[in-house]
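Inspection log for the structure reproduced underneath, given as structure tokens.
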Amino acid sequence: MTSVTMSTTDPARTKADVVVVATIPADTGKDAPKQPALTAGAKTVDAALGGRLVPILTDLGATGRAGELVRIPTMGALGVPLVVAVGLGPDGAIPARIRAAAATAVRGSRGHKKVVLALPASDVESIAAQAEGALTGAYDFVEFRHSTLEGRQAPVASVQVTVAGREVPPATARAAVKRGVAIGEALRFARDLVNTPPRDLPPAALAEAAGDAAVAAGATVEVLDEKALARRGFGGLVGVGQGSTRPPRLVALRWKPARPTVHIALVGKGITFDSGGLSLKPPTGMETMKTDMAGAAAVAATVVAAATLRSPVAVTGWLCCAENMPSGTAIRPGDVLTMYGGTRVEVLNTDAEGRLVLADGLTRAAEDKPDAIVDIATLTGAALVALGPKIAGLMANDDAFRERVAGAAAAAGESVWPMPLPAELRDRLDSSIADIANVPPSAGRDAGMLTAGIFLKHFVAAEIPWAHLDIAGPSWNGGEPSGETAKGGTAFGVRTLLSLIESYAP
């Protein structure tokens, strides 16, 4: 595990393998050649190099654009053999850019043991962003590698965040680093869960991993197994999980500080593998279906982070965990399930299983009368089609709460897009034999993201503000790493949920 610490030592005098400075595009005029400009933190490093850092970077083609990475040997001029210049882009030294730059630099320094970050650190947000970015940039999921480990460059072992100015007192800076580390570790935890092969993470194992992490952070855990679920009438979880030999679980993670004035409930879809059930997916559609529990992973990581940071807001995380498999015991298209709370659902498509387990979780979460509920799920392929791989769909039963969640996402640096819940689409979910169908009949399956949201809304008490995040796109990165976004599981949603929780802090 990469360690992250804070230091006030001049980065030009420290002993390390790499020192990282930041650049932005210089304002060189309309017709002048593009070149970078140095940001705060690079002054002493530049002075040790005889003030030649910008000319050298310019000669090497650097411009200060976001994500740019340029390596310069110091030739003995510093106690560090290598300077890495990372671009922040035209937005400059805002925390989101600093977080991404720190991740890029640390990822690009694999094979080195100690890295010193000399990035802008004039406020606690920027300091925390460096620590968080360092941990996400050092993320490396290697548990299932063997022969390919040999010769693989190891992630950076130690990162030092430099706070050399007087704007932030050392004690405050250390607290900011501690906060960044807590969030970074939560993100890594969520990524580990999403990246774990489905054979190794059945519902019981997901429940155990989430519970262990929550208890270690100071939260409490309650797990309902398949017998308790059946006895208490959680028909969605039982129905979806009955086709698998590995039974479902409902997990409650509770962080309750002393005298909380606000209680937020989070509900996460935890389908540990989604074959589609008897409405079987095509083979290529199953290749990334280990990620169908990314919502539950985000909820678990958020509760862990809230507990670690001792949030003054009470948080309950509900993880709706099941494996959706085809077998002689699986639910069939046309079956009717009795959900927790009594609503009867006609299942027209067993591949629309996420909404069935979430319906149980939402109904149970509402029983505690929280001040607000957010569910998060890799729910529909329609969300990916509509919004692409980096933006989540956001729906809500309350305009003010939708804006609050969107504001929390913006503050966290995650992209969401508000979507409607048109009342006229509710008729599409009418069933001729039950209270509601889980999907419209085959003739009316357009607006799939919206009808899924409308289905979920049915299970939330109208007086409770509720929002739904469809993270089918941004929960997984099938391409190369970029900034703080790793290859594979991204832990999307953790920052947004934590930001939302903290918006309620007194």
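Just so it is clear, none of the values below were taken in a lab; they were calculated from the coordinates. What you are looking at is a predicted structure, and each value in this text was computed from that prediction instead of being measured. So basically every Cβ, Gly included, is an ideal-geometry build from the backbone, and we count neighbours across all protein chains shown.
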| query | Roughly how many whole Å is it from the C-alpha centroid of segment 143-171 to that of segment 305-368? | reply | 38
| query | Separation between the Ala164 and Lys256 pseudo-spin-labels, each 7 Å from Cα along Cα→Cβ, expressed in nm? | reply | 5.0
| What lysines sit close enough to Lys43 to cross-link, taking a C-alpha to C-alpha distance under 18 Å and skipping anything fewer than 8 places away on the same chain? | Lys15
| Residues of type lysines that Lys487 reaches as a straight line, Cα spacing below 19 Å, ignoring anything fewer than 8 places off in the same chain | Lys290, Lys390
| query | What's the center-to-center distance, using Cα atoms, between segment 210-272 and segment 377-433 in Å? | reply | 23
| remark: Cα-Cα longer than 28 Å, checked against Lys113/Lys178; Lys227/Lys269; Lys34/Lys178; Lys178/Lys369, kept in input order, equals Lys34/Lys178; Lys178/Lys369
| said: From Cα pairs below 8 angstrom and at least 6 apart in sequence, can you work out the relative contact order of the chain, rounded to a whole percent? | reply: 14
| remark: Rounded to one decimal in nm, the spacing of the 7 Å Cα→Cβ label points at Thr220 and Glu424 is 4.9
| message | So if each residue of separation counts as 0.36 nm, and I subtract the Cα-Cα distance between His146 and Arg332, what length gain in nm does that give? | response | 62.9 nm
| said: Quick check: net charge around Gly285, other residues with Cβ under 13 Å of its Cβ, Lys/Arg +1 and Asp/Glu -1? | reply: -2
| field | Cβ-based net charge around His468, under 13 Å, with every Lys or Arg adding one and every Asp or Glu removing one | value | +1
| request: Report the relative contact order of segment 3-164, percent, no decimals, based on alpha-carbon pairs under 8 angstrom and at least 6 residues apart. | output: 31
| field | Cβ-based net charge around Gly270, under 9 Å, with every Lys or Arg adding one and every Asp or Glu removing one | value | +1
| remark: Compactness check, the chain: C-alpha Rg relative to the 2.2 N^0.38 Å globular estimate gives 1.03
| task | Sort the following peptides by mean Cβ neighbour count (other Cβ atoms within 10 Å, averaged over residues), highest first: 187-195, 157-165. | result | 187-195, 157-165
| request: Using Cα pairs closer than 8 Å and at least 6 residues apart in sequence, work out the relative contact order for segment 40-118, in percent. | output: 26
| message | Spelling out what I want: for every residue of segment 280-293, take phi, set θ = phi - 60°, compute 6.51 cos²θ - 1.76 cosθ + 1.60 (Karplus), and round to whole Hz; glycine and proline get x. | response | 4, 6, x, x, 5, x, 9, 4, 10, 7, 5, 7, 6, 10
| query | What are the ³J(HN,Hα) values, in whole Hz, obtained from phi via the Karplus relation 6.51 cos²θ - 1.76 cosθ + 1.60 with θ = phi - 60°, for each residue of segment 69-82 in sequence order, with x given for Gly and Pro? | reply | 9, 10, 9, 10, x, 8, 6, x, 6, 10, x, 10, x, 9
